[in-house]
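Asker: The structure under discussion is supplied below as structure tokens; questions concerning it will follow.
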Amino acid sequence: MNNRRHFLKNILGGGMFLSLQAVPELSKAGPFVSPFLEGQTYDLDYHVCDEDLWRKVRGAYAVSKTTLNLNNGGVAPQPKIVLEAEKKFLAFINELPSMHLLRKLPKNRIFLKQKLADIAGCEADELAIMQNATEAIHTIVMGQEWQAGDEVVLSTQDYSTVKVGFEQLARRKKIKLVWVQLPVPVEDDATIIEAYCSKFTARTKMVLLTHLTNWTGQIIPNDVLATICKKAASKNIFTLIDGAHAFAHIDFKVSALHCDAYATSLHKWMSAPIGMGFLYLRKDKIKQVWPLYPASEKDNFRIEKFENHGTISLAKEEATHYAIDFFHQIGIELKEARLRYLKNYWMKALAQEEGIRFYTSSQDRYACAIGLFSVEGINFRKVAKSLESQYDIHNTISVFDQISGVRISPNVYTRTKDLDKMLWAMQQIIKDR
């Protein structure tokens, strides 16, 4: 046990601070593997709650000394090494912009896509680099050949800007939006499957599925997504999954979901630079989707046709290599377990207070890091404002489907003592109501 603890502390404490002296060359390397990793195993049950270990992880981040960040579900901070890499690449590009930005660094994108594909469980030539999940989703949605009367099945719990995109499309192309309303939380696979598949008709052209919703942290389990996607495929319905909050948060492989397209943001749970994401599009579907920005006809079958964004800074792409390396140093199994442990920690403690209502499942299968709650007799906005203004605890609110509450989303650098601070603050707020 002591050897396992020592091994992990060495990986997360010392191994993560890679030299930045040769940053431009790292893009060609594979994922960083600590020499401590070979032949070693960790004890998941032990290390998930080993606060000394996670204190080491915290040291890799430039965490605010004045405000406790419990809104990591919006945009997560980058580890120090990722931030420093991005700065160094910005300087590198600025030395000779037209050469570095337009000739040298674009060649490295294939290495980045291969690393992401290895994690996602797909082929590199099925991935397009995007700024975020919203851009990736709208690339798919706006790239379809829509006809008046086509139907789209989607949920009231889908992301707000994504719903707005479909609502605009409905006005523009005269398509019909068919809404699914899931229980909050939903903790039954058959209920989820029926909610979506019962909406399929001969006019259904697409179904949108949110892997892990931003509002409550509700997870649609991987095998449930796969079942819905297979049923949709049997009816020639295009399946699009919004995975903005799922990638690098919970363990899955895109190929096992049997979807046509998957969109995610990397500046959330991957802790990559802000403005990084990707679009997965199955090879046999690439031809049928038009890119948002014009592409040559010769690229019609290539995923690269979706990457014609004009001149952009590639510093964030180069720094994403470091975010991926950092991700591998923890590993998705331990990371997911730790995030779920933190959510359960504060939810179980807060449940002891009178008048608390949760909109997030307590079952591991249906939730991980994100939790949503409200307090009877206190307006949710007042709770959120009090946490932030009086106790310096950054949070956010969720308002949808006549449901409203305070959303808490810790990250791997969050300690249980940080959550104790939030729980103490909530005791004061509840006491003063």
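Asker: Against the conditions (1) within 24 Å of residue 60 (Cβ to Cβ); (2) surrounded by 18 or more Cβ atoms within 10 Å (Cβ to Cβ), where does residue 367 fall short? Just the number, please.
Answerer: Among (1) within 24 Å of residue 60 (Cβ to Cβ); (2) surrounded by 18 or more Cβ atoms within 10 Å (Cβ to Cβ), residue 367 violates only (1).
Asker: Right, something else. Any chance you could count how many residues in the range 354-401 are out of contact with any strand residue (DSSP E or B) (no Cβ under 7 Å at 6 or more places or on another chain) and among the hydrophobic types (A, V, I, L, M, F, W, C)?
Answerer: 3
Asker: Let me ask something else. Given the residues 319, 256, which is the only one that is farther than 17 Å from residue 162 by Cβ and surrounded by fewer than 17 Cβ atoms within 10 Å (Cβ to Cβ)?
Answerer: Values: 319 fails: surrounded by fewer than 17 Cβ atoms within 10 Å (Cβ to Cβ).
Within the list 319, 256, the selection yields 256.
Asker: Right, next: Hey, can you tell me all the residues within the range 312-347 that are touching a Ser or Thr at 6+ places or on another chain (Cβ under 8 Å) and not acidic (Asp, Glu)? Talk me through it step by step, then tell me what you get.
Answerer: Taking the range 312-347 and keeping what is touching a Ser or Thr at 6+ places or on another chain (Cβ under 8 Å), we get 318, 321, 323, 326-327, 329, 342-345, 347.
Hits for the range 312-347 are 321, 323, 326, 327, 329, 342, 343, 344, 345, 347.
Asker: May I ask you to say which residue of 161, 139 is of a type in the set (S, T, N, Q), touching a residue at least 40 places away in the same chain (Cβ under 8 Å), part of a helix (DSSP H, G or I) and at negative phi? Steps first, answer last, please.
Answerer: Details: 161 fails: touching a residue at least 40 places away in the same chain (Cβ under 8 Å).
Of 161, 139, the one residue that is of a type in the set (S, T, N, Q), touching a residue at least 40 places away in the same chain (Cβ under 8 Å), part of a helix (DSSP H, G or I) and at negative phi is 139.
Asker: Could you please find all residues in the range 335-360 being over 21 Å from residue 44 (Cβ atoms), out of contact with any helix residue (DSSP H, G or I) (no Cβ under 8 Å at 6 or more places or on another chain) and touching a residue at least 12 places away in the same chain (Cβ under 8 Å)? Steps first, answer last, please.
Answerer: Looking only at the range 335-360, we keep the residues that are over 21 Å from residue 44 (Cβ atoms), and these are 349-360.
Going one step further and asking which of them are out of contact with any helix residue (DSSP H, G or I) (no Cβ under 8 Å at 6 or more places or on another chain), we end up with 351-352, 357, 359.
Result: 357, 359.
Asker: Can I ask one more? What pairs come out if I take residues in the range 113-125 that are more than 18 Å from residue 271 (Cβ to Cβ) and pair them with residues that are surrounded by fewer than 17 Cβ atoms within 10 Å (Cβ to Cβ) and of a type in the set (Val, Ile, Thr) whose C-beta lies under 8 Å away, six or more apart or interchain?
Answerer: What qualifies is 124/110.
Asker: Kindly check whether there is at least one residue in the range 106-119 that is touching a Ser or Thr at 6+ places or on another chain (Cβ under 8 Å), surrounded by 17 or more Cβ atoms within 10 Å (Cβ to Cβ), among the small types (Gly, Ala, Ser) and within 23 Å of residue 222 (Cβ to Cβ).
Answerer: Taking every residue of the range 106-119 in turn, none turns out to be touching a Ser or Thr at 6+ places or on another chain (Cβ under 8 Å), surrounded by 17 or more Cβ atoms within 10 Å (Cβ to Cβ), among the small types (Gly, Ala, Ser) and within 23 Å of residue 222 (Cβ to Cβ).
Asker: Let me ask something else about it. For the range 288-322, how many residues are in a helix (DSSP H, G or I) and not aromatic (Phe, Trp, Tyr)?
Answerer: Here is the first cut: in the range 288-322, the ones in a helix (DSSP H, G or I) are 297-299, 303-307, 315-322.
Pick out the ones that are also not aromatic (Phe, Trp, Tyr) and you get 297-299, 303-305, 307, 315-321.
Total satisfying the criteria: 14.
Asker: Determine if the range 323-338 includes at least one residue that is among the small types (Gly, Ala, Ser), surrounded by 21 or more Cβ atoms within 10 Å (Cβ to Cβ), in a helix (DSSP H, G or I) and modelled with pLDDT of 95 or more.
Answerer: Filtering the range 323-338 down to residues among the small types (Gly, Ala, Ser) leaves 323, 331, 337.
Retained after the next criterion (residues that are surrounded by 21 or more Cβ atoms within 10 Å (Cβ to Cβ)): 323.
Still in the list and also in a helix (DSSP H, G or I): 323.
Cutting the leftovers down to modelled with pLDDT of 95 or more gives us 323.
The answer is yes; a qualifying residue exists.
Asker: Any residue in the range 282-294 that is closer than 21 Å to residue 309 by Cβ sitting within a Cβ distance under 8 Å of a residue that is part of a loop (DSSP other than H, G, I, E, B) and among the hydrophobic types (A, V, I, L, M, F, W, C)? List the pairs, counting only those 6 or more apart or interchain.
Answerer: 286/301; 287/301
Asker: Can you report the number of residues in the range 41-100 which are part of a helix (DSSP H, G or I), of a type in the set (Ser, Thr, Tyr) and in contact (Cβ under 8 Å) with a residue 24 or more places away in the chain? Please lay out each step first, then the result.
Answerer: Applying the first criterion (part of a helix (DSSP H, G or I)) to the range 41-100 yields 44-47, 51-58, 80-95, 97-100.
From the residues that got through so far, the ones that are of a type in the set (Ser, Thr, Tyr) too are 46, 98.
Now restrict to residues that are in contact (Cβ under 8 Å) with a residue 24 or more places away in the chain: 46.
Summing the residues that are part of a helix (DSSP H, G or I), of a type in the set (Ser, Thr, Tyr) and in contact (Cβ under 8 Å) with a residue 24 or more places away in the chain in the range 41-100 gives 1.
Asker: Based on this model, can you work out whether residue 189 counts as within 24 Å of residue 267 (Cβ to Cβ), acidic (Asp, Glu) and surrounded by 15 or more Cβ atoms within 10 Å (Cβ to Cβ)?
Answerer: Working: within 24 Å of residue 267 (Cβ to Cβ): no; acidic (Asp, Glu): yes; surrounded by 15 or more Cβ atoms within 10 Å (Cβ to Cβ): yes.
Here the answer is no, as residue 189 does not meet what is asked.
Asker: Return the pairs, sorted by first residue and then second, in which the second residue is surrounded by fewer than 21 Cβ atoms within 10 Å (Cβ to Cβ) and modelled with pLDDT of 95 or more, the first residue lies in the range 297-317 and is closer than 25 Å to residue 82 by Cβ and aromatic (Phe, Trp, Tyr), the beta carbons are less than 7 Å apart, and the residues are 6+ apart or on different chains.
Answerer: 306/291
Asker: Checking residue 210 against (1) within 22 Å of residue 155 (Cα to Cα); (2) surrounded by fewer than 24 Cβ atoms within 10 Å (Cβ to Cβ); (3) polar (S, T, N, Q), which test does it fail?
Answerer: For residue 210, the failing item is (2).
Asker: Here's another thing I want to ask about it. Go through 397, 378 for me and flag whichever is surrounded by 14 or more Cβ atoms within 10 Å (Cβ to Cβ) and either more than 22 Å from the chain's Cα centre (by Cα) or within 17 Å of residue 212 (Cβ to Cβ) (or both).
Answerer: Exactly one of 397, 378 is surrounded by 14 or more Cβ atoms within 10 Å (Cβ to Cβ) and either more than 22 Å from the chain's Cα centre (by Cα) or within 17 Å of residue 212 (Cβ to Cβ) (or both), namely 378.
Asker: Of the conditions (1) among the small types (Gly, Ala, Ser); (2) crowded, with 23+ Cβ neighbours inside 10 Å; (3) more than 29 Å from residue 115 (Cβ to Cβ), residue 234 fails just one. Which one is it?
Answerer: So the condition that residue 234 fails would be (2).
The values are calculated or read from the model by the stated rules, or taken from the named source; none is laboratory data. Please read these numbers as outputs of a predicted model, since none were measured by experiment. Glycine also receives a Cβ, built like all others from the backbone with ideal geometry; neighbour counts cover every protein chain displayed.
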